[in-house]
Amino acid sequence: MIKNKAMRRPVIYILPLAKIKLDAYVRFAEGEISGLGKVGRLGREELLIEDILLFDQECTPSSTKLDQGKIADFLVDMIESGEDPSCIRLWWHSLADIGSCWSAKDDETICGFNNEWMVSLVTNFAGDYLCRVDAFVPVQMTVYET
């Protein structure tokens, strides 16, 4: 007999300084902008966005492309300073002046991080936010609000 335990949605918190950084980066961008972030676990179903990171990138009014070399250098620096790079579990981006939504390109980007799990956040100039958690082990699952 299989017991069906109710699946709880993860609760995602963000530290005030991380939220201030995110809002500032989005507010001062001319178009879309994206970055990564550090995420910690507070408990079994609670995650905490601890920091927002910004890297060199190519931005247009409708897309961003992070500089992979700069990200690699950053991860190497983390390791050399004794930090665990597995805390980089947030990908965030702004859709500038359009409504916040998930696209097929977003799904492709999220899967490309090759993590066991990933938090993703999309926002815009109006301050709308969508957040989701993707788990890839043992199977891919996405949890988000509709």
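Which residues' amide hydrogens lie under 5 Å from the amide hydrogen of residue 13, considering only partners 5 or more residues apart or on another chain, with H built in the peptide plane?
Correct list: 47, 48, 49.
Just tell me the longest site-free run in the chain, where the sites are trypsin sites (Lys or Arg not before Pro) in a DSSP loop having at most 15 other beta-carbon atoms within 10 Å.
The reported range is 45-146.
Pick from 98, 88, 33: which residue has the top mean-square fluctuation in a GNM of the chain where Cα pairs under 10 Å get a spring?
Result for the chain, Cα springs under 10 Å: 98 fluctuates most.
Extending each Cα 7 Å along its Cβ direction at residue 140 and residue 81, get the distance between those two points in nm, one decimal.
Output for this residue pair reads 3.3 nm.
Lys/Arg Cβ at +1, Asp/Glu Cβ at -1, dipole of the chain taken about the Cα centre: which of 20, 130, 94 is farthest positive-ward?
Toward the positive end, the furthest listed residue is 130.
Ordering 50, 30, 80 by accessible area with a probe of 1.4 Å, largest first, what comes out?
Highest to lowest solvent-accessible surface, that is 30, 80, 50.
Obtain the nm distance between the two label points defined at residue 103 and residue 129 by a simple spin-label model: each point lies 7 Å from its Cα along the Cα-to-C-beta direction.
2.2 nm
Just for the range 1-90, what percent of DSSP beta bridges are antiparallel, to the closest 5?
Looking only at bridges with both residues in the range 1-90, the antiparallel portion is about 75 percent.
Ordered by residue, what ³J(HN,Hα) values in Hz, to whole numbers, does the range 28-45 give under the Karplus form 6.51 cos²θ - 1.76 cosθ + 1.60, where θ = phi - 60° and Gly and Pro are x?
8, 6, 7, x, 6, 8, 8, x, 10, x, 8, 10, x, 9, 9, x, 4, 10
Please get the size of the charge dipole for the range 1-142, origin at its Cα centre, with Cβ charges of +1 on Lys and Arg and -1 on Asp and Glu, quoted in debye to the nearest 20.
820 debye
For the range 21-111, what log10 I(q)/I(0) values come out of the Debye formula at q = 0.15, 0.16, 0.26 1/Å, with one point per alpha carbon and no solvent?
-0.65, -0.73, -1.43
Return the aspartates and glutamates within reach of residue 21: Cα separation strictly under 13 angstrom, same-chain partners fewer than 8 residues apart disregarded; answer none if there are no such residues.
Qualifying aspartates and glutamates at Cα under 13 Å: 50, 51.
Could you tell me the distance between the Cα centroids of the range 94-136 and the range 25-69, to the nearest Å?
Answer, in whole Å: 10.
Would you mind getting me the FRET efficiency between residue 113 and residue 27? Use the beta-carbon distance for r and R0 = 25 Å, nearest 0.05.
With a Förster radius of 25 Å, E is 0.45.
The values are calculated or read from the model by the stated rules, or taken from the named source; none is laboratory data. From a predicted model like this one, the values you see are computed outputs, not experimental measurements. Using ideal geometry, Cβ is built from the backbone for each residue, glycine included, and neighbour counts are taken over all protein chains shown. The accessibility values were calculated without ligands, DNA or RNA, using every heavy atom of the protein model including side chains. Shrake-Rupley method; radii C 1.70, N 1.55, O 1.52, S 1.80 Å.
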